[in-house]
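Please treat every number below as a calculation from the coordinates, not as lab data. Since we're looking at a predicted model, the values are computed, not measured. Neighbour counts are summed over all protein chains in view; Cβ atoms, including those assigned to glycine, are modelled from backbone coordinates with ideal geometry.
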Amino acid sequence: MTTPNPADAGSGEVVAAPFPEPPVVPISPWGYGRPPLADRIFRRLSVGAGLFVVAVIAGVGGFLLWHALPALARNRVNFFTYRGNWVTADPSAMRFGILEQLHVTIFVSVFALVLAMPVALGVALYLTQYAPRRLAAPLSYTVDLLAAVPSIIYGVWGLYVLAPQVRPVAVWLNAHLGAVFLFSTGNASAAGGGTIFTAGIVLAVMILPIITAVTREVFVQTPQDEIEAALALGATRWEVVKTTVLPFGRSGFISGSILGLGQALGETVALLIILRGTQTAFGWSLFDGGSTFATKIAGAAPEFNNQYQAGAYLAAGLVLFLLTFVVNALARAAVAGTRAARSRS
């Protein structure tokens, strides 16, 4: 803005008038100026929601620990190394331990994850890179609908429909690969029934939707310019997938797999229906029976007659609770390492 200077009226010069200095805005905890009311409300709600989730998790852990301590104090054997039959009815002579349940839980979950991961990766790649657009959407909905099937349906289907179909495969594996510890023991004639072999296949189908969904969503977000650059250099479709899509989506695939593992560790009803029909003790074979943490608790829940008997099983639930924390921590560490390696490259 310019105004004529009266002192220089005869000279015809025009000088600029000084602009007023901007007002000083006090610095607030959020930066320069106070944020709008809506932002402050949203911030407080977000912090409150996060604290509420932490409080709920801490409350669950505290509840399990509080009710498990009296039973652990009366346990006559080592809780972490005992693998015999549980004796919990008499509070003065309690014997219970988690070693076998820990082995069975990890064994069947890892077996299911090994079966589900390559299938989920192939489905996600097909839906995002190869399938026609008019076919990709219906197939995606179909895979997602697998997660809506109740677990009791999976258990009944696995025991009465899948088991007879996989029995010849199980018997063949036991006969020809008996020297391998995964196939050496167990009841091969009943391997298509209530064993870890059948339970692992059913569990793989149950965790397939979540791994596929997470992996698919990450693959879709692959930068289009990188794909187009690879195609412009003469890369084939598989070379594009190998050099751009897979490196970009590796962290998402790992995250989805760990989420599926978390679901497998806590699955209850389907495994209870399948595994309770086989009394063969667990011996590191796919054709053995056994109980996971969840099925052990669910199978004995109707017999909880006192706080000590219930506390013994809640102690097992506490171990499962902590195991899921360890799995999620490993997943976050793996994803963070993958992202760091990608940023350095």
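Given Cα pairs under 8 Å that are at least 6 residues apart, what percent is the relative contact order of segment 28-181? Once divided by the residue count of segment 28-181, the mean separation gives 10 percent. One Cα centroid belongs to segment 304-338, the other to segment 64-106; the line between them spans 15 Å.
At R0 = 25 Å, how high is the FRET efficiency between Ala136 and Ala229 if r is their beta carbon distance? Nearest 0.05 is fine. Step by step, r from the Cβ atoms, then E = 0.60. Contact order, relative form, for segment 277-332: 23 percent (alpha carbon pairs under 8 Å, 6 or more residues apart, mean separation divided by residue count). Other residues whose C-beta falls under 14 angstrom from the C-beta of Leu275 contribute a net charge of -1, scoring Lys and Arg +1 and Asp and Glu -1.
The slack between Arg43 and Ala329, meaning 0.36 nm per residue of separation minus the straight C-alpha distance, is 100.3 nm.
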